[in-house]
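K.L.:
Please find one structure pasted underneath; my questions will follow.
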Amino acid sequence: MIKTIGVVGAGVMGNGIAHVFAWHGYDVILYDVDDSQIASAMVTIRENLGRQAKKGIVDSSRINEIMGRIRTTLYLSDLAPVDFVVEAVTENKSLKVELFRKLDEIVREDVILASNTSSIPITTLAAVTKRPGQVIGMHFMNPPPVMTLVEVIRGQATSDETFATVASLTTTLEKEIALAQDYPGFIVNRILIPMINEAVFALFEGVATAEDIDKGMKLGTNQPVGPLALADLIGLDTVLAIANVLYEGFKDQKYRPCPLLVKMVAGGTLGRKTGSGFYTYQD
């Protein structure tokens, strides 16, 4: 029975995933190498619970109880007693591979190792473990407390039992599943990232301003946010990383990252998290 969840990484996705599990009654051990990141994550989770309370989504009397379900740690070894793991570190293949290798040695043999990766092959992560049948993709959408979809990705060796367990677990979180096979970008990012990249090309080639590109897509296709504003929210470094995975994985020119996107990332202009991307932001 799954009672305690290990969440690896306390960034935007990690703290959101920890929030969702704790909200739905699971105990959570939230790990990160950076104590300031952990402190920030706990502040963010409490603030987001407060926003949910104001909207009537969460009873305000439950906030302390939910927060009390989350324990934080700077030591990966503290995840030894967990019943399930979700890895949610930055989209870096070598980092994730090393984490899966270490987690495989730390947690019990029966524990499933899930990755929140948005593009890195699950089969690659599974290959460095002794439990490839128990490795799966569990890609939450951003922000996890709000978005209802979890994209579940089966690696080459992922067992039916592992998939069934993850499907059942996702249901307890009141989320819907979209099942994908293990190809670059899976479902969502295989479609979304090329759209964003094409919007960057449109800006790069002078087709229109960022404002008009986003207005066109919002009002013309009924999207809630334009592709360039969405790129700023995701982080241009993350967008580029996924675009490179698609480009390298399919060897198809249609996935080639726009030179403007490459230039902006190289210059540290990454979107909302740096205060500047296709738009300028102020706290």
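K.L.:
Taking a ≥ b ≥ c as the square roots of the Cα gyration tensor eigenvalues, with a/c under 1.5 meaning rounded and otherwise prolate when a/b beats b/c, else oblate, which class fits the stretch 139-283?
P.N.:
Note, shape of the stretch 139-283 comes out prolate.
K.L.:
Based on alpha-carbon centroids, what's the gap between the stretch 189-260 and the stretch 65-136 in Å, whole number please?
P.N.:
With the stretch 189-260 and the stretch 65-136 each reduced to a Cα centre, they are spaced 30 Å.
K.L.:
Still on this model: How much net charge surrounds residue 197 when only other residues with a Cβ under 10 Å from its Cβ are counted (Lys, Arg +1; Asp, Glu -1)? Numbers along the way, then the final one.
P.N.:
Working: positive: 254, 256; negative: 198.
That sum, taken over residues with Cβ under 10 Å, equals +1.
K.L.:
If you don't mind, there's one more thing I want to ask. About its Cα centre, how strong a charge dipole does the chain have in debye, to the nearest 20, once Lys and Arg get +1 and Asp and Glu get -1 at the Cβ?
P.N.:
Numbers: 26 positive and 32 negative charges, 41 e Å.
Taking the Cα centre of the chain as origin, the dipole is about 200 debye.
K.L.:
Long-range amide H contacts for residue 72: which residues qualify at under 5 Å (H placed 1.01 Å from N, peptide plane, sequence gap of 5 or more or a different chain)?
P.N.:
Under 5 Å from the amide H of residue 72: 30.
K.L.:
So what J values fall out for the stretch 171-187 if you push phi through Karplus, 6.51 cos²θ - 1.76 cosθ + 1.60 with θ = phi - 60°, rounded to Hz, Gly and Pro as x?
P.N.:
Coupling constants for the stretch 171-187: 4, 5, 8, 6, 10, 9, 9, 10, 8, 10, 8, 8, 10, x, x, 6, 9 Hz.
K.L.:
Same structure, new question: Percent antiparallel among DSSP beta bridges with both residues in the stretch 4-181, to the nearest 5?
P.N.:
15 percent
K.L.:
By counting other Cβ atoms within 10 Å of each Cβ, how are 71, 108 ranked from fewest to most?
P.N.:
Arranged by neighbour count, lowest to highest, 71, 108 become 108, 71.
K.L.:
Which order do 246, 179 fall in if you start with the one that has the fewest other Cβ atoms within 10 Å?
P.N.:
Numbers: 246 22, 179 13.
The most exposed by this proxy come first: 179, 246.
K.L.:
Turning to a different aspect of this structure: How large is ³J(HN,Hα) for each residue in the stretch 190-206, as worked out from phi by the Karplus curve 6.51 cos²θ - 1.76 cosθ + 1.60 (θ = phi - 60°), to whole Hz, x for Gly and Pro?
P.N.:
Coupling constants for the stretch 190-206: 5, 8, 5, 5, x, 5, 4, 4, 5, 5, 5, 4, 4, 5, 4, 8, x Hz.
K.L.:
Still on this model: Could you work out how far helix 35-54 tilts from the main Cα principal axis of the chain, as a 0 to 90 degree angle to the nearest 10?
P.N.:
On a 0 to 90 degree scale, this one is about 80.
K.L.:
Under a 5 Å amide H to amide H cut-off, with H placed in plane at 1.01 Å, what residues pair with residue 149 once short-range neighbours are removed?
P.N.:
Excluding prolines and chain starts, which carry no amide H, the hits are 141, 176.
K.L.:
Which of these, 270, 103, 74, has the largest mean-square fluctuation under a Gaussian network model of the chain (Cα springs below 10 Å)?
P.N.:
The residue that fluctuates most here is 74.
K.L.:
log10 I(q)/I(0), Debye, Cα-only the chain, no solvent, q = 0.07, 0.11 Å⁻¹?
P.N.:
Log10 of I(q)/I(0), two decimals: -0.26, -0.65.
K.L.:
I've got another one for you. Using the Karplus equation 6.51 cos²θ - 1.76 cosθ + 1.60 (θ = phi - 60°), what ³J(HN,Hα) coupling, rounded to whole Hz, does each residue of the stretch 244-257 give in order, writing x for Gly and Pro?
P.N.:
Listing the rounded values in order: 5, 4, 5, 4, 6, x, 9, 6, 10, 4, 5, 9, 4, x Hz.
K.L.:
What does the charge count near residue 146 come to, summing +1 for each Lys or Arg and -1 for each Asp or Glu among other residues with Cβ under 15 Å from its Cβ?
P.N.:
Values: positive: 51, 54, 55, 175; negative: 47, 174, 176.
Taking every Cβ under 15 Å from that of residue 146, the sum is +1.
K.L.:
Of 154, 272, 51, which is the most mobile in a GNM of the chain whose springs link Cα atoms less than 10 angstrom apart?
P.N.:
Looking only at 154, 272, 51, the biggest GNM fluctuation is shown by 51.
K.L.:
OK, next. How many nm separate the modelled label positions at residue 280 and residue 156, each set 7 Å beyond the Cα in the direction of the Cβ?
P.N.:
5.1 nm
K.L.:
Separate question: Fewest Cβ neighbours within 10 Å first, please rank 84, 204, 21, 163 accordingly.
P.N.:
Taking fewest neighbouring Cβ atoms as first place, the list is 204, 163, 84, 21.
FYI, it's all coordinate maths here, none of it is from the lab. Quick caveat: nothing in here was measured; it's all calculated off a predicted structure. Note that each Cβ is placed from the backbone with ideal geometry, even for glycine, and that neighbours are counted across all protein chains shown.
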